[in-house]
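Structure first, commentary second.
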Amino acid sequence: MASIIDGKAAAELVRGAVKVRAEAFLQQHGRSPSLHVVLVGDDPASQVYVRNKELAAHKASISGLVHRLPIATTQAQLLTKVQGLSADPAIDGILVQLPLPKHLDEQSIIACLDPQKDVDGLHPYNAGLLMVGRPGLRPCTPSGCMHLIEAAGCDPAGKHAVVIGRSILVGKPIALMLLEKNATVTIAHSKTADLMSVVRQADIVVAAVGRADLVKGSWLKPGAVVIDVGINKKSDGKLCGDVDFAEAMAVAGHVTPVPGGVGPMTIAWLLANTVLAAERRAMS
Ligand code: NAD
């Protein structure tokens, strides 16, 4: 029987450490680290995510504001907004809540962020720093996944890691982070042939697809560390991941649950990145 990797408990520890640093920053600089979130439109899931981020920031002694813009906001208006926040010296972190409404071009909005304030770690400059192995602001979800892998007592060095999914948000950055820690990394995706055989070789599986229970227990190597990033809604309204949790528990060594695994770590890392951005900006 696998052990459950408790993302809530791990996130609580990260948030506690962030709060200590945020309070030290206030003492030293006379202001709290600040996070500004831009939310365009009225997508219900995005509204919940933003509200959760707002509450978590407040609890961690991070100040900030949510800028709620109407769905009719144009590309030019959003660019002006983000450029304004980037230029404001009192703001340390900026997050543009994704996905944006279809008429807006996410990549060019992200590219106009000040990379020093890009707490989502999605700006091409920060993606480049990750690529060359230098410290920068790194994407929150993959950073949280790495923390959970280490919290499970797993050193990726020499292990075979299979990442399912190749998005800029999760799959590609976590593959680079695992490589940085000396894992042998395979990136699988929608065109991968015989996914089951690929996954079966993995000591570490990171599933970031968005398909309920795609990964079966029979696909897993006994003792594998399984990090389930997926968030899917079942017909009964309950959330589940990309991995069949009950089956994985019978085969794997360590498994993250959904909910209560990667999700809480993502928010904790957003807060950590905000404090890091504030500290770095204060030093530069
Ligand atoms: P995405 O849609 O951008 O990417 C999905 C990836 O899965 C693609 O690269 C695609 O090639 C791959 N894929 C699709 N079907 C596949 C299949 N049958 N077999 C193998 N690969 C397949 O999604 P994303 O933004 O990377 O998010 C992935 C999942 O993780 C979603 O469920 C999302 O909600 C969730 N997510 C969770 C958190 C969190 O905090 N827990 C954060 C980000 C994303």
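With a cut-off of at least 3 residues that are surrounded by fewer than 17 Cβ atoms within 10 Å (Cβ to Cβ), name the helices (runs of 4 or more DSSP H) lying wholly within region 117-224.
Helices (runs of 4 or more DSSP H) meeting the threshold: 124-132, 195-200.
Residues are listed down the side, and each one gets a yes or a no for (1) closer than 25 Å to Pro135 by Cα; (2) in contact with a Leu (Cβ under 9 Å, 6 or more places away or on another chain):
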site: Ser167; (1), (2): yes, no
site: Glu180; (1), (2): yes, yes
site: Leu195; (1), (2): no, yes
site: Trp219; (1), (2): no, yes
site: Ile231; (1), (2): no, yes
site: Cys240; (1), (2): no, no
site: Val243; (1), (2): no, yes
site: Ala246; (1), (2): no, no
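What about Val243, is it surrounded by 15 or more Cβ atoms within 10 Å (Cβ to Cβ), more than 9 Å from the ligand (Cβ to nearest atom) and free of Cβ contacts under 8 Å to residues at least 40 places away in the same chain?
Criteria met by Val243.
Please go through region 83-118 and pick out each residue that is out of contact with any helix residue (DSSP H, G or I) (no Cβ under 7 Å at 6 or more places or on another chain) and charged (D, E, K, R).
Residues satisfying the conditions are Asp88, Lys102, Glu106.
Picking from Ile5, Ile62, which residue would you name as being under 28 Å from Lys81 (Cα atoms), of a type in the set (Val, Ile, Thr) and buried (at least 21 other Cβ atoms within 10 Å of the Cβ)?
Ile62
Residues are listed down the side, and each one gets a yes or a no for (1) free of Cβ contacts under 8 Å to residues at least 12 places away in the same chain; (2) buried (at least 23 other Cβ atoms within 10 Å of the Cβ); (3) out of contact with any Ser or Thr (no Cβ under 9 Å at 6 or more places or on another chain):
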position: Ile227; (1), (2), (3): no, yes, no
position: Ile231; (1), (2), (3): no, no, yes
position: Ala248; (1), (2), (3): no, yes, yes
position: Thr274; (1), (2), (3): no, yes, no
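Of the residues that make up region 101-111, is at least one within 16 Å of the ligand (Cβ to nearest atom), within 22 Å of Thr184 (Cβ to Cβ) and modelled with pLDDT of 95 or more?
No: region 101-111 contains no residue that is within 16 Å of the ligand (Cβ to nearest atom), within 22 Å of Thr184 (Cβ to Cβ) and modelled with pLDDT of 95 or more.
Here is a check on your reading of the model: is Gly165 within 27 Å of Ala57 (Cβ to Cβ) and within 14 Å of the ligand (Cβ to nearest atom)?
Answer is no for this residue.
The values are calculated or read from the model by the stated rules, or taken from the named source; none is laboratory data. In this text the structure is predicted, and so the values were computed from the model without any measurement. Cβ sites come from the backbone with ideal geometry, for glycine too, and all protein chains shown count toward neighbours.
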